[in-house]
Amino acid sequence: MTAKFTLSKRAQALTSSAIREILKVTERPEVISFAGGLPSPATFPIERMRWATDKVFDECAQAALQYGPTEGFTPLREWIARRNSKHGVTIRPSQVMITTGSQQGLDLLGKVLIDPGSKVLVETPSYLGALQAYSLFEPQFSPMQTDENGIVTDALTAEQLKDARFMYCLPNFQNPTGRRMPLERRQDLVKKATEAGVLVVEDDPYGELSYQGEQLPSLLSMNPDNVVYMGSFSKVLAPGLRLGYLIAPEELHGKLVQAKQAADLHTPSFSQRIVYEAVQDGFLDRHIPEIRTLYGHQCELMVSALERYFPAEAQWNRPAGGMFIWVTLPEGVDTTALLTKAIEQHVAFVPGAPFFAANPQPNTLRLSFVTVPAEKIELGMQKLGALVKAEIAGIKSPVAA
Ligand code: PMP
């Protein structure tokens, strides 16, 4: 018997991405995959987490196994408020809400801020997981112009800003491009958004992973009354913990708490207490430099391989942090078709098109330099470079191809 049910219009509109299906193949061990957005498991501080877990069991097992407040475990909220009180701004613990990964923050913001047809400003391209999360609430995406320094604030017009519910920004080592917004652009962006009465959503899971130069002030620090900041423990501890957080102006914070209550009551007490024990003595300041060294080295290897194996017509950036490099191939190359050929050669990447809210650029792709160990980066990039060269040659002389 076939089950009978009527899907909501929202669910009917959901589609599963063709690329996700192709990428399932990349989990096979023989495939060198630059596709994943996963942190390197070599960075997971296993002994520290074991120690913290034992401590929680020894000192507060019952509380750790009990329900907790929707806003999150108070000592962890206080720790997050202290850590984010920098660049001249003081964050109060009452502004902090712990979320089940920062991905939940994206969903909750969609729930409380988007009506069908609401205008939401997004970067070009933007984080696919955010586009998916917001899409469930049926917004009208308005793509903001970007260049190698992120959002082009001069191109933001009063017309584009008018009536927007919020602008979704990734100023540090953006997913998918690896770009970082310089200080002046950040200041200009917050000024323009504030003047136009548009809330800024700052998604910042990669800010601490900088390999060159100083960390730049967050958008939050420039106007905490008009910015919602999202942070995550996924890239600095481990993503399996599913621990992220939101810092929001207090009026909005209350609504987000109500939405979270309906979603999952609260983020696991157990993970929150373990992470609090793991980080409270300054552990991250010892641990993050190790991640930076590893990823910084792997980034160098990938850039060097791009220089040696990719054709002159290809363009890419040299990221100063994060996990990703964005490659633009000549017009006419379709990286989704290229991916199928790449998988046959046991190498993978993510085609760029799905990261665009509108007008996708099929000749772009995203490479992650963190998950594949150093010794395999060289081989994988050699294979990929040869494929890209063959693809471009095929476009130039389609008959010969
Ligand atoms: N935002 C961005 C930009 C991301 O790249 C990711 C993870 N890939 C997330 C949010 C979600 O991260 P998490 O839920 O693990 O905190």
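Observations, loosely collected:
- Once region 111-125 is narrowed to residues that are crowded, with 23+ Cβ neighbours inside 10 Å and away from the ligand (no atom under 13 Å from the Cβ), the residue that is nearest to residue 176 (Cα to Cα) is 121.
- Failed condition for residue 177, given (1) touching a strand residue (DSSP E or B) at 6+ places or on another chain (Cβ under 8 Å); (2) over 28 Å from residue 328 (Cβ atoms); (3) not aliphatic (A, V, I, L, M): (2)
- Residue that is in a helix (DSSP H, G or I), among the acidic types (Asp, Glu), at pLDDT 95 or above and more than 18 Å from residue 368 (Cα to Cα), where the choices are 184, 202: 184
- Candidates 231, 197 - the one that is in the same structural domain as residue 88 (by TED's automatic domain parsing) and over 20 Å from the mean Cα position of the chain (by Cα): 197
- Here region 80-102 is the region considered, the condition is being closer than 11 Å to residue 233 by Cβ and of a type in the set (A, V, I, L, M, F, W, C), and the residue that is farthest from the ligand (Cβ to nearest atom) is 80.
- Filter pass, residue 108 being crowded, with 18+ Cβ neighbours inside 10 Å, of a type in the set (A, V, I, L, M, F, W, C) and within 22 Å of the chain's Cα centre (by Cα): yes
- The residue of region 314-359 that is farthest from residue 140 (Cα to Cα), among those that are under 16 Å from the mean Cα position of the chain (by Cα) and in a loop (DSSP other than H, G, I, E, B), is 320.
- Subset tally (residues that are in a helix (DSSP H, G or I), modelled with pLDDT of 90 or more and of a type outside the set (A, V, I, L, M)) for region 360-401: 8
- Leading residue by the ranking (surrounded by the fewest Cβ atoms within 10 Å (Cβ to Cβ)) among those in region 279-305 that are in contact with a helix residue (DSSP H, G or I) (Cβ under 7 Å, 6 or more places away or on another chain) and either farther than 24 Å from residue 45 by Cβ or small (Gly, Ala, Ser) (or both): 305
The values are calculated or read from the model by the stated rules, or taken from the named source; none is laboratory data. Remember, it's a predicted structure, so these values are computed and weren't measured experimentally. We place every Cβ from the backbone using ideal geometry, glycine too, and count neighbours over all the protein chains shown.
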